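In what follows, a structure is listed as structure tokens, so that the remarks can point back to it.
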Amino acid sequence: MNTGQYLSNHFLIAMPQLADPNFFHTVTYICEHNAEGALGIVINRPLGLQLGEVFSHMEITAQIPASRDIPIYSGGPVQQDRGFVIHRPVGDWSASLQVTKSIAVTSSRDILSAMAAGEGPENALVALGYAGWGAGQLEQEMLDNAWLSGPADERIIFDLPTERRWEAAAALLGVDIHTLTGQPGHA
């Protein structure tokens with residue numbers, strides 16, 4: 001795959017027939033993709049936990065009560081004990097990967113402490129775990145018709161209700177996800 005085909009800052013939209021329970025009906029935000037593989041965060045799989053529970057576990061005092069109510073997502077099946085924050089603006093945090101001019105993903109404690117103090121990024125999606133692919137693995141899954149992909153839209157990550165993200169990400173491509181079949185077409 002040449003660099004123009006890498007999928008950083010794209011959505012991976014699970015095809016309806018993708019039965020893997022880790023990715024059934026998910027939208028994954030691809031944070032990094034290169035010749036060595038890809039890293040993404042699932043953005044529509046809430047865990048039923050709130051950030052306040054993470055703060056308690058990490059012994060962070062929430063000075064801003066509303067910060068405790070932020071939902072936590074299952075970011076993927078890899079390192080589910082590790083936290084990742086997709087956020088805008090980018091800011092200056094200890095362990096960040098800048099994805100675009102306005103979005104980064106951070107995995108360091110300092111961003112959570114800032115969020116607890118009301119000094120964090122304007123928008124944030126907090127996840128435990130990530131989705132990872134080795135060299136060539138994501139490309140093969142794309143060829144196997146497991147995913148749709150298209151440019152990411154910040155509004156879907158930060159503004160849209162969780163339950164609408166899968167359909168909305170597909171709609172960006174002009175696709176009604178519910179009408180798709182798992183059979184690839186051949187001309």
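Points to keep in mind about this one:
- Tabulated pairs, segment 70-86, first farther than 18 Å from Gly48 by Cβ and acidic (Asp, Glu), second outside any strand (DSSP E or B) and at pLDDT 95 or above, C-beta under 6 angstrom, 6+ apart or interchain: none
- In segment 11-30, the residues that are surrounded by fewer than 24 Cβ atoms within 10 Å (Cβ to Cβ) and assigned to a strand (DSSP E or B): Ile30
- Any chance His33 is modelled with pLDDT of 95 or more, part of a loop (DSSP other than H, G, I, E, B) and within 29 Å of Gly134 (Cβ to Cβ): no
- Of the helices (runs of 4 or more DSSP H) lying entirely inside segment 127-176, those containing at least 3 residues that are surrounded by 12 or more Cβ atoms within 10 Å (Cβ to Cβ) and without any contact (Cβ under 8 Å) to a residue 60 or more places away in the chain span 165-171.
- Residue in segment 53-71 that is at pLDDT 95 or above and either under 17 Å from the mean Cα position of the chain (by Cα) or hydrophobic (A, V, I, L, M, F, W, C) (or both) present: yes
- As a summary of the residue check, Phe84 satisfies the conditions (1) closer than 17 Å to Ala117 by Cα; (2) in contact with a Ser or Thr (Cβ under 9 Å, 6 or more places away or on another chain) except for the one numbered (1).
- Hey, Val105 surrounded by fewer than 19 Cβ atoms within 10 Å (Cβ to Cβ) and touching a strand residue (DSSP E or B) at 6+ places or on another chain (Cβ under 6 Å) or not: no
- For segment 93-126, a residue qualifies if it is free of Cβ contacts under 8 Å to residues at least 60 places away in the same chain, in a loop (DSSP other than H, G, I, E, B) and in contact with a His (Cβ under 9 Å, 6 or more places away or on another chain), and the qualifying residues are Trp93, Gly120, Pro121, Glu122.
- Boolean, Ala135 is within 15 Å of Leu12 (Cβ to Cβ), out of contact with any Pro (no Cβ under 7 Å at 6 or more places or on another chain) and modelled with pLDDT of 95 or more: no
- Only one entry in Gly48, Gly76, Gly40 is assigned to a strand (DSSP E or B), small (Gly, Ala, Ser) and crowded, with 21+ Cβ neighbours inside 10 Å, namely Gly40.
- Close pairs from segment 22-51: first touching a residue at least 24 places away in the same chain (Cβ under 8 Å), partner acidic (Asp, Glu) and assigned to a strand (DSSP E or B), Cβ under 8 Å, at least 6 apart: Ala38/Glu32; Leu39/Glu32
The values are calculated or read from the model by the stated rules, or taken from the named source; none is laboratory data. Just so it is clear, the structure is predicted and the values come from calculations on it, not from any experiment. Note: ideal-geometry Cβ built from the backbone for every residue, glycine included; neighbour counts use all protein chains shown.
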